[in-house]
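Asks: Have a look at this one.
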Amino acid sequence: MNPAAEALTRAGLIGAVSGLRSQWGMAAVAWSARPADVSVPARPWVRGATLASATGEFVADKSPRTPSRLAPGGLVPRLVLGALSGMALSRRSEGPATPVAAAAAGAMAAGAFACAGAGWRRVAAARTGDAVAAAVEDVVAVALAWVACSPAGVRPPCPRAGHARHAIEFEGTGTPGTDRAPDGPEE
């Protein structure tokens with residue numbers, strides 16, 4: 001995948017996290033920052049603030065008094081935080097996308113996943129109860145954040161086992177015919 005497309009994919013994924021849990025996208029960006037990263041999300045006070053806000057949202061989300069995420073007071077922060085977290089995460093990529101494109105990808109994904117999450121929650125809560133539906137949504141948000149912030153990047157699967165990309169992955173594993181150890185291929 002080309003670096004700009006990967007940066008936009010990551011921005012969209014982290015925006016999706018913000019759509020499901022508004023504070024979690026920026027918290028994932030802050031907490032996955034490398035020690036050498038000098039950006040604002042990597043600063044200790046930002047990490048503390050994002051952790052506190054994400055924890056608060058985790059607790060408040062389970063309350064029946066929490067207003068709809070699709071109300072303006074719930075949707076606007078999701079769009080803004082989706083845009084900001086998408087832009088911040090895209091800056092880590094080797095060939096970052098333009099900040100405007102990354103912000104747009106993050107905001108659009110946040111809006112789409114806010115709507116999808118609200119629909120999921122309504123249907124799933126009727127079948128399993130709200131606590132179970134919320135827990136499943138939490139797991140999906142964590143998985144999306146992990147994929148978006150993973151140092152390995154976002155890679156499409158390669159269907160051919162003999163593809164050059166796989167030959168490098170198997171190097172030195174002892175797999176017959178593919179081990180390129182200094183003493184030559186194993187038989």
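Conditions tested, residue by residue: (1) at positive phi; (2) at pLDDT below 95; (3) in a loop (DSSP other than H, G, I, E, B); (4) among the polar types (S, T, N, Q).
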{"position": "G73", "(1), (2), (3), (4)": "no, yes, no, no"}
{"position": "V80", "(1), (2), (3), (4)": "no, no, no, no"}
{"position": "A83", "(1), (2), (3), (4)": "no, no, no, no"}
{"position": "A88", "(1), (2), (3), (4)": "no, yes, no, no"}
{"position": "E94", "(1), (2), (3), (4)": "no, yes, yes, no"}
{"position": "A107", "(1), (2), (3), (4)": "no, no, no, no"}
{"position": "C115", "(1), (2), (3), (4)": "no, no, no, no"}
{"position": "V123", "(1), (2), (3), (4)": "no, no, no, no"}
{"position": "A134", "(1), (2), (3), (4)": "no, yes, no, no"}
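Asks: Only residues that are assigned to a loop (DSSP other than H, G, I, E, B) and under 18 Å from T66 (Cβ atoms): list them for the stretch 16-36, please. Before you say what the answer is, go through the steps one by one.
Replies: So in the stretch 16-36, the residues assigned to a loop (DSSP other than H, G, I, E, B) come out as 21-23, 32-36.
Of everything in the stretch 16-36, those that are assigned to a loop (DSSP other than H, G, I, E, B) and under 18 Å from T66 (Cβ atoms) turn out to be R21, S22, Q23.
Asks: Would you say A36 is out of contact with any Phe, Trp or Tyr (no Cβ under 9 Å at 6 or more places or on another chain) and either surrounded by fewer than 20 Cβ atoms within 10 Å (Cβ to Cβ) or not assigned by TED's automatic domain parsing to the domain that holds V139 (or both)?
Replies: Working: out of contact with any Phe, Trp or Tyr (no Cβ under 9 Å at 6 or more places or on another chain): yes; either surrounded by fewer than 20 Cβ atoms within 10 Å (Cβ to Cβ) or not assigned by TED's automatic domain parsing to the domain that holds V139 (or both): yes.
It is true that A36 is out of contact with any Phe, Trp or Tyr (no Cβ under 9 Å at 6 or more places or on another chain) and either surrounded by fewer than 20 Cβ atoms within 10 Å (Cβ to Cβ) or not assigned by TED's automatic domain parsing to the domain that holds V139 (or both).
Asks: For residues that are assigned to a helix (DSSP H, G or I) and without any contact (Cβ under 8 Å) to a residue 40 or more places away in the chain, tally how many sit in the stretch 37-47.
Replies: Quick first cut of the stretch 37-47, residues assigned to a helix (DSSP H, G or I) only: 40-42, 44-47.
Those left that are additionally without any contact (Cβ under 8 Å) to a residue 40 or more places away in the chain: 42, 44-47.
Qualifying residue count, the stretch 37-47: 5.
Asks: Further question: Could you pull out the residue among V123, V100, V80 that is assigned by TED's automatic domain parsing to the domain that holds G12, without any contact (Cβ under 8 Å) to a residue 40 or more places away in the chain and either within 19 Å of A60 (Cβ to Cβ) or in contact with a helix residue (DSSP H, G or I) (Cβ under 6 Å, 6 or more places away or on another chain) (or both)? It would help to see each step written out before you state the result.
Replies: On the way: V123 fails: either within 19 Å of A60 (Cβ to Cβ) or in contact with a helix residue (DSSP H, G or I) (Cβ under 6 Å, 6 or more places away or on another chain) (or both); V100 fails: either within 19 Å of A60 (Cβ to Cβ) or in contact with a helix residue (DSSP H, G or I) (Cβ under 6 Å, 6 or more places away or on another chain) (or both).
Of V123, V100, V80, the one residue that is assigned by TED's automatic domain parsing to the domain that holds G12, without any contact (Cβ under 8 Å) to a residue 40 or more places away in the chain and either within 19 Å of A60 (Cβ to Cβ) or in contact with a helix residue (DSSP H, G or I) (Cβ under 6 Å, 6 or more places away or on another chain) (or both) is V80.
Asks: Can you tell me which residue is farthest from G15 (Cα to Cα) among those in the stretch 128-140 that are exposed (fewer than 12 other Cβ atoms within 10 Å of the Cβ) and under 23 Å from the mean Cα position of the chain (by Cα)?
Replies: Taking the stretch 128-140 and keeping what is exposed (fewer than 12 other Cβ atoms within 10 Å of the Cβ), we get 129, 131, 139.
Imposing the further condition that a residue be under 23 Å from the mean Cα position of the chain (by Cα) reduces the set to 131, 139.
Details: A131: 24, V139: 16 Å.
Step by step, filter the stretch 128-140, then rank; the result is A131.
Asks: Can you find, within the stretch 19-48, the residue that is farthest from the chain's Cα centre (by Cα) among those that are small (G, A, S) and farther than 27 Å from A133 by Cα?
Replies: Within the stretch 19-48, the first condition is being small (G, A, S), and the residues that meet it are 19, 22, 25, 27-28, 30, 32-33, 36, 39, 42, 48.
Pick out the ones that are also farther than 27 Å from A133 by Cα and you get 33, 36, 39, 42, 48.
Details: A33: 13, A36: 21, S39: 18, A42: 16, G48: 19 Å.
Looking at residues that are small (G, A, S) and farther than 27 Å from A133 by Cα, I get A36.
Asks: From the list A110, A101, A125, exactly one residue is farther than 21 Å from P3 by Cβ and surrounded by fewer than 21 Cβ atoms within 10 Å (Cβ to Cβ). Which is it?
Replies: Values: A110 fails: surrounded by fewer than 21 Cβ atoms within 10 Å (Cβ to Cβ); A101 fails: farther than 21 Å from P3 by Cβ.
Unique residue meeting the criteria: A125.
Asks: Turning to a different aspect of this structure: Can you name every residue in the stretch 48-68 that is in contact (Cβ under 8 Å) with a residue 60 or more places away in the chain and surrounded by fewer than 12 Cβ atoms within 10 Å (Cβ to Cβ)?
Replies: Keep residues of the stretch 48-68 that are in contact (Cβ under 8 Å) with a residue 60 or more places away in the chain, which gives 58, 61-62, 64.
Matches in the stretch 48-68: P64 only.
The values are calculated or read from the model by the stated rules, or taken from the named source; none is laboratory data. Here the structure is a predicted model, which means the values were calculated and not measured. Cβ sites come from the backbone with ideal geometry, for glycine too, and all protein chains shown count toward neighbours.
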